[in-house]
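Student: The structure is given below, and queries will be raised subsequently.
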Amino acid sequence: MTPETARVRPDEEMDWATLEQWLRPRLPVGHAPMQVAQFPGGSANLTYLVTFGTDEYVVRRPPLGPVPPGAHDMRREYRVLARLNAVFPRAPRVHLLCEDEAVIGAVFIVVERRTGVVIREAFPPAMLAHERLAARTSLALVDAMAELHNVDPARCGLADLGRPDGFVERQVTGWHKRWQLARDRDVPLFDAVHARLAATLPAPQRASILHNDLKLDNCQFDPLDPDRVTSIFDWDMATLGDPLIDLGTLLGYWPEPGDPVPRAVRPTGAQDPFPTRAAIVERYAGRTGLDMSTIGWYEAFALWKTAVVVQQIYIRYRRGQTRDERFANYAERVPVLLEAARALVDA
């Protein structure tokens, strides 16, 4: 195991012998036995480090149990990474797509292994010597997002990745349907925010490649360079659409002192303050030239959508599809997120 990995959780073991049999003739590996560890930080897709001696690969598959329509799409992630890496090197190279679900129980991909640090609950010790650590890593994330949104989809063969026309409206409709599939109780506030969002849809300014969940813990840094994101992970929801959806998602994750309800927990360890949401918006606008006058709608949508994601994760735990105890209290987060969304749509 490496510092980023752990032993595979007992309920997330796969048929490793069958996986090894499938991988060996398709990868340039020697005769060393295959070993497997798990990247434990994610909350949905299952990600494993597979090693053959010094040769390392990353295997990604959807979570166990039923998967919401359109979610955790490994075929989509393979397609995006196979084309995007040539023009956007922060996207890792992808090696293989396996569509035979008999191998490990689901479609999966094999991606290059990249080393570096991921910022989660705390800044990694290897980064703590840097001055202005919080500001520099935060703005590096915004710059990486802007660079992605400035990529011409046709330049890398992704002009047909999605349907930009009507994208925002379909997002609102689609996430409402996902809520219905995952709900286990009545939450009137969810429907109230949905109605307000649907009635005030903004007009998109352009179509860009979207990551759809771009945040600090989906990024990797060189510990010696806090000013540049070296890798971005989790591309299974990538599509074409309004780029402000991505920015709104980031703002939805971005807490500030004085928020009426908490949004997320900031990484600890940095000595300087994090940029405000207004500073994030200003930085992004300067890198893309986009108008930010409707950004409040996108932030509200992101909070509302995150409530659906949290509910999806919780219902998997409640239905026994995962025994990961991190998810036992996720239902408590839903009303908190919805209250923050209502404050924005009612502003």
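Each value in this text was obtained by applying a stated rule to the coordinates, not by laboratory testing. Computed from a prediction, not measured in an experiment: that's the story for all the values here. With ideal geometry, Cβ positions are generated from the backbone for all residues, glycine too; neighbour counts draw on all protein chains shown.
Student: Can you show me the helix-derived [θ] at 222 nm for the chain, built from DSSP H runs with n ≥ 4 at -39,500 (n - 2.57) apiece and divided by the number of residues, rounded to the nearest 500. Please list the in-between numbers first.
Tutor: Values: 9 runs with 123 residues, N = 347.
That comes out to -11500 deg cm²/dmol.
Student: Which distance in nm do the two modelled labels at ARG26 and GLN321 give, with both placed 7 Å along the Cα-to-Cβ direction?
Tutor: In this crude spin-label approximation the distance works out to 2.4 nm.
Student: Report, in debye and to the nearest 20, how large the dipole of the range 3-141 comes out about its Cα centre when Lys and Arg carry +1 and Asp and Glu carry -1 on their Cβ. Before the final figure, lay out each step's value.
Tutor: On the way: 17 positive and 16 negative charges, 125 e Å.
In total the dipole reaches around 600 debye.
Student: For the range 10-112, build the charge dipole from Cβ charges (+1 Lys, Arg; -1 Asp, Glu) around the Cα centre, then report which of PHE52, HIS95, ALA106 sits farthest towards its positive end.
Tutor: Farthest towards the positive pole: HIS95.
Student: Oh, and also: Would you mind classifying the range 30-126 by shape? Square roots of the alpha carbon gyration tensor eigenvalues, ordered a ≥ b ≥ c; an a/c under 1.5 is rounded, otherwise it is prolate if a/b is larger than b/c and oblate if not. Kindly include the intermediate steps, with their values, before the conclusion.
Tutor: Details: a/c = 1.25, a/b = 1.14, b/c = 1.10.
In terms of gyration-tensor shape, rounded.
Student: Using +1 on the beta carbon of Lys and Arg, -1 on that of Asp and Glu, and nothing else charged, what's the dipole of the chain about the Cα centre, debye to 20?
Tutor: Details: 41 positive and 45 negative charges, 64 e Å.
Computed charge dipole of the chain: roughly 300 debye.
Student: Between ALA122 and ASP152, what length in nm is gained on full extension when 0.36 nm per residue of separation is reduced by their alpha carbon distance?
Tutor: On the way: separation 30, 0.36 × 30 = 10.80 nm, distance 3.48 nm.
Roughly 7.3 nm would be gained on extension.
Student: For a quick check: sort ARG342, ARG60 by the number of other beta carbons within 10 angstrom, fewest at the front.
Tutor: On the way: ARG342 18, ARG60 25.
By the 10 Å Cβ count, ascending, the order reads ARG342, ARG60.
Student: Ok, one more. Want the number for ALA129 to ARG113: 0.36 nm per residue separation, take away the alpha-carbon distance, what's left? Could the numbers behind the result be given before it?
Tutor: Details: separation 16, 0.36 × 16 = 5.76 nm, distance 2.60 nm.
Extra length from ALA129 to ARG113 when fully extended: 3.2 nm.
Student: Around ARG9, under 9 Å between beta carbons, what's the net of Lys plus Arg minus Asp minus Glu among the other residues? Please report the intermediate quantities before stating the final value.
Tutor: Working: positive: ARG7, ARG323; negative: ASP11, GLU12, GLU13, ASP324.
So the environment of ARG9 carries a net charge of -2.
Student: Would you tally the net charge around TYR317, using a Cβ to Cβ cut-off of less than 10 Å, leaving TYR317 out, and scoring K and R as +1, D and E as -1?
Tutor: Working: positive: ARG316, ARG318, ARG319, ARG323, ARG326; negative: ASP324, GLU325.
That sum, taken over residues with Cβ under 10 Å, equals +3.
Student: Something else about it: Residue separation times 0.36 nm, minus the C-alpha to C-alpha distance between ASN85 and ALA71: what's the value?
Tutor: Working: separation 14, 0.36 × 14 = 5.04 nm, distance 2.19 nm.
Net length gain for the segment: 2.8 nm.
Student: Here's something else I'd like to know. Net charge around ALA203, counting only other residues with Cβ within less than 12 Å of its Cβ (Lys, Arg = +1; Asp, Glu = -1)? Walk me through the numbers before you get to the answer.
Tutor: Details: positive: ARG206; negative: ASP165, GLU169, ASP242, ASP291.
Within the 12 Å Cβ shell, the charges total -3.
Student: Return one number: the angle in degrees, 0 to 90 and rounded to the nearest 10, between the long axis of the Cα atoms of helix 133-149 and the longest principal axis of the Cα atoms of the chain.
Tutor: Here the helix axis deviates by roughly 90 degrees.
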